[in-house]
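Working notes for the structure below.
The values are calculated or read from the model by the stated rules, or taken from the named source; none is laboratory data. Computed from a prediction, not measured in an experiment: that's the story for all the values here. Here Cβ is always computed from backbone atoms with ideal geometry, including for glycine, and neighbour counts include all displayed protein chains. To get the accessible areas, we keep the full protein, side chains included, count just its heavy atoms, and leave off ligands, DNA and RNA. Shrake-Rupley method; radii C 1.70, N 1.55, O 1.52, S 1.80 Å.
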Amino acid sequence: MSTAVGTRDFLLPDLGEGLSEAEIVEWRVAVGDVVTVDQTVVEVETAKAVVDVPCPYAGRVVALHGAAGEVRPVGQPLITIAPLDDAPDPHATYREEERAGSGNVLIGYGTGHGGTGRRRRRPRLALAPEPGTPASTDPASDAAQTGGPAAAPLVISPIVRRLAKEHGIDLASLRGTGPGGVIRRADLDAAVAAPAPAARLAAVPDAPAAHVGLAPAGDGDTVIPLTGIRKVIADKLSRSRREIPEVTIWVDVDATGLLETRAAINAATPEAPVSILALLARICLSGLRKFPQLNAHVDTEGQRIIQSGGVHLGIAAQTDRGLVVPVLRDAQRLTTRELAAALAETTAAARAGTLPPARLTGGTFTLNNYGVFGVDGSTPIINHPEAALLGVGRIVDKPWVVDGQLAVRKVTQISLTFDHRVCDGGVAGGFLRHVADCVEQPAVLVANV
């Protein structure tokens, strides 16, 4: 969709796996600015990260679609670019850039598609009237002037349509504030918040009863829309539970030796400290080398199990925006100190929301240290489509038998949740026992790396 002859609309690209929308954080350009190919024009926040979005077109900015704080769906216009007076045809210029290869390519959106297939034309929206031009805001009046029925409300966002249906809002009753009268999400949110009974639809008799048996929200209830990162998490965990027949096994271990080993390493090289998480990651890598069946995923369409050649280690990290799992690719190639540094940098970036989407997907095995929440054990859900997840509880003083004598030791519980399709209990038990032995006797780890 273009707003004028010769202009090009840059559509919000696919920014990563499972992401269907993004919120505009800050525009880096304004209407009237001249931009070059691959210049960053806007910063957006997805459910997983904050991303700088480069524009593949060169020219002058004639329209910005959306304000800061507005959520835009993937595939809808983001910015409109017009060619400069002395510039060549923008279509030809863009094709040249495609052949040359753009320098800034986002996940799922490359500029080197090639091919000459035509895109299906989208419906053209009417332009907003110029300032000072009288314009009717009454649909009935418009119908009378044109001699036809009232026009349908202008809605280009499937998210707006879905939310309107969920809240019982009649879109025809809303006045859009977007270009050409388009109803934006902000317009819908205002209607939801306003006590306007006229905007509410009566229950449709043949509509599916999605909330049958559920009590309606009361005056004292807090209603939290399942959107953004919460929706991504909900969808992914629900899919994991639907598709993966998971089993959890666990064992208590004496972690005194592991803590002593870390203390000795850090005393020898205080300038490069090693964390417990880094040592646990090293132990996981050792176990996956011995039991590669767990470093895999099930290809349901191909009816096969694919064991990964490298270990792309995911680390579950709690952030202000929700649970994310940043990935260390080919972690088996890193030394223990390199693991410690990479983990520290990655978790810090994840909490700051600065990791690119590519760093949040593609894991083959996940390590989850839920002990930081002060809990002993858990039966976590596997990070789909992976086949296994190792969980570690808090390390606390507990009575433990050592050489026939009762002693106070540093004890933790470790658990392995695995996809029973990729292996049976023997492999899973062998892996967990190897991890436990390395935690209790770090010399076992040294012997296997």
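For segment 324-339, backbone phi angles converted through the Karplus equation (6.51, -1.76, 1.60; θ = phi - 60°) give residue-by-residue couplings of 10, 10, x, 10, 9, 6, 6, 5, 5, 8, 8, 6, 4, 5, 5, 4 Hz, Gly and Pro being listed as x.
Ignoring lysines fewer than eight residues from LYS410 along the same chain, the ones with Cα atoms less than 18 angstrom from its Cα are LYS398. Taking amide H atoms as placed 1.01 Å from N in the peptide plane, the amide H of ASP33 lies under 5 Å from those of VAL61, each 5 or more residues away in sequence or on another chain. Modelled this way, with points 7 Å down the Cα-to-C-beta line, the labels at GLU260 and VAL408 are 1.7 nm from one another.
For segment 324-449, give the percent of accessible area contributed by carbon and sulfur heavy atoms, probe 1.4 Å, rounded to a whole number. In segment 324-449, the share of accessible area belonging to carbon and sulfur is 54 percent.
Once you have a ≥ b ≥ c as the square roots of the Cα gyration tensor eigenvalues for segment 231-275, tell me rounded if a/c is under 1.5, and otherwise prolate or oblate according to whether a/b is larger than b/c. Oblate, since a/c reaches 1.5 and b/c is not below a/b.
Stretching the chain fully between VAL446 and GLN39 yields a gain of 141.6 nm (0.36 nm per residue, less the alpha carbon separation).
Fully extending the segment from ILE305 to LYS398 would add 29.4 nm, taking 0.36 nm per residue of separation and subtracting the current Cα-Cα distance. Here is the list for segment 246-296: GluC sites (Glu not before Pro) lying in DSSP coil, each with at most 11 other C-beta atoms within 10 angstrom of its C-beta, are GLU271.
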